1. Name the single residue, out of those in the range 156-187 being within 29 Å of PHE358 (Cα to Cα) and without any contact (Cβ under 8 Å) to a residue 40 or more places away in the chain, that is least open to solvent (accessible area, probe 1.4 Å).
2. Name the residue that is farthest from the chain's Cα centre (by Cα), counting only residues in the range 231-245 that are part of a strand (DSSP E or B) and charged (D, E, K, R).
3. Among GLU262, GLU278, which is acidic (Asp, Glu) and closer than 16 Å to GLN154 by Cα?
4. Quickly run through the range 71-95 and pick out the residues that are surrounded by 13 or more Cβ atoms within 10 Å (Cβ to Cβ) and not in a helix (DSSP H, G or I).
5. Where residues in the range 5-63 are open to solvent by 60 Å² or more (accessible area, probe 1.4 Å) and touching a residue at least 40 places away in the same chain (Cβ under 8 Å), which of them is farthest from CYS317 (Cα to Cα)?
6. Give the number of residues within the range 359-385 that are open to solvent by 10 Å² or more (accessible area, probe 1.4 Å) and either assigned to a helix (DSSP H, G or I) or touching a Gly at 6+ places or on another chain (Cβ under 8 Å) (or both).
7. Take the conditions farther than 26 Å from PHE91 by Cα and charged (D, E, K, R) and apply them to GLU354. Does it pass?
Amino acid sequence: MINRKLKMGMIGGGKDAFIGAIHRIAANMDGQIELVCGALSINPEIAKDSGQSLFLAEDRIYLDYTDMIKKESSMPADKRIDFITVVTPNFAHFAPAMAALDNGFNVVIEKPITFTLDEAKQLKKRVDETGLLLCLTHTYSGYPLVKQARAMVQGGAFGKIRKIWVEYPQGWLSKLSEREGNAQAAWRTDPKKSGKSGCMGDIGTHAAHLAEYISGLKITHLCADLNIMVEGRALDDDGNVLLKFDNGAAGVLMASQVAAGEENALKIRIYGEKGSIEWAQHEPNTLLVKWLDQPTQVLRAGGNYGDRLSSFAVQNCRTPGGHPEGYLEAFGNIYRNFALTLSSKLSGKEATKEMLDFPRVEEGIRGMAFIENVVASGQSNKKWTEFVV
């Protein structure tokens, strides 16, 4: 490994934003990364104040991301950043990510990867051309027991997978909050900033990614019902999707942001011929393993359970059993695996398969295709529509 921290620049994520602080905590968690520059807001005052509050050098607090990329790319190797994290709203993902790749910078990007499927494909083409790394922060795949579930399912412990049930209910948009001064609600429900879909684009993509990540299967057909439950809203805030997978398995995906009283109740169940798993984000350190002919097992996350968890789960456990690890740690695991992979690459070494276990541009394309196909299905009178990438 290279004998230094990786240098990170950030676009978006100023003091008026939500997700930027989460990214910075996650990136800093393992001491592998340091934030050295940023264009943290399109508002010059917020950009400057945010940079100063993070103790960035004055000459590396930028008011425009194009200026940041231009100046950072001309710096000597010992000062130049190694990668750029993009945490702007959906509509402003593509341009800075492409500019970063064009100037030789690796990229971490908040999901969904872009505003359109075509943009995602353009990013993949550039990633392939440059050989640079692109990491997509599908947070929930960073949990140790999600990785354990994946290892068991794909290792054949449950036989052929027959049924996948994934749900993601939230309640925070049960009112017309976008007209009540809620900035997060305002851009997420605006088609010009969020894209074709609201709820399905925001959290349905997480559910779809989790289903494909754990099962190792791909969605091939779907039948979607999208709803706008709050009068006056421009994008869907609720939806139900029937799924077909490439091995013949059937699936159900439910996502809603008007499930009053719910927080982030992401839950997945996967059923095979011989048994099944059940995992919920509200209790992320627990994985229920249910068998056709045995009592249910309860697997727990923890660094002292290495004798019974997969190498992928152990790689992402941080504390002894019984010490809770949650959302921030899962986010940190994605950054750590990305950082270890990038450090290996920079030092001319081969990354391990555990290091390489983080979402990439391919998952970003699948996510954008999910949005496009769900919206198309929701507008169609056909029962089943083919999942087109």
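The values are calculated or read from the model by the stated rules, or taken from the named source; none is laboratory data. The structure displayed is predicted, hence computed values, not measured ones. All Cβ positions, glycine included, derive from the backbone under ideal geometry; neighbour counts span all protein chains shown. Accessible surface areas use protein heavy atoms only, side chains included; no ligands, DNA or RNA. Shrake-Rupley method; radii C 1.70, N 1.55, O 1.52, S 1.80 Å.
1. Selected residue: ALA185.
2. Looking only at the range 231-245, we keep the residues that are part of a strand (DSSP E or B), and these are 238-245.
Among the residues that remain, those that are also charged (D, E, K, R) are: 238, 244.
Details: ASP238: 20, LYS244: 23 Å.
If we take residues in the range 231-245 being part of a strand (DSSP E or B) and charged (D, E, K, R), then LYS244 is farthest from the chain's Cα centre (by Cα).
3. Working: GLU262 fails: closer than 16 Å to GLN154 by Cα.
The match here is GLU278.
4. First pass over the range 71-95, keeping only residues surrounded by 13 or more Cβ atoms within 10 Å (Cβ to Cβ): 71-73, 75, 80-95.
Scanning the range 71-95 gives MET75, ARG80, ILE81, ASP82, PHE83, ILE84, THR85, VAL86, VAL87, THR88, PRO89, HIS93.
5. Here the residue is ASP16.
6. Here is the first cut: in the range 359-385, the ones open to solvent by 10 Å² or more (accessible area, probe 1.4 Å) are 360, 362-363, 365-367, 371-373, 375-376, 378-385.
From the residues that got through so far, the ones that are either assigned to a helix (DSSP H, G or I) or touching a Gly at 6+ places or on another chain (Cβ under 8 Å) (or both) too are 362-363, 365-367, 371-373, 375-376, 378.
Qualifying residue count, the range 359-385: 11.
7. On the way: farther than 26 Å from PHE91 by Cα: yes; charged (D, E, K, R): yes.
Considered against the rule, which asks whether it is farther than 26 Å from PHE91 by Cα and charged (D, E, K, R), GLU354 comes out as yes.
Residues checked against (1) out of contact with any strand residue (DSSP E or B) (no Cβ under 6 Å at 6 or more places or on another chain); (2) among the polar types (S, T, N, Q); (3) over 25 Å from PRO144 (Cα atoms):
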residue	(1), (2), (3)
SER177	yes, yes, yes
SER215	no, yes, no
ASP236	no, no, yes
ARG269	no, no, no
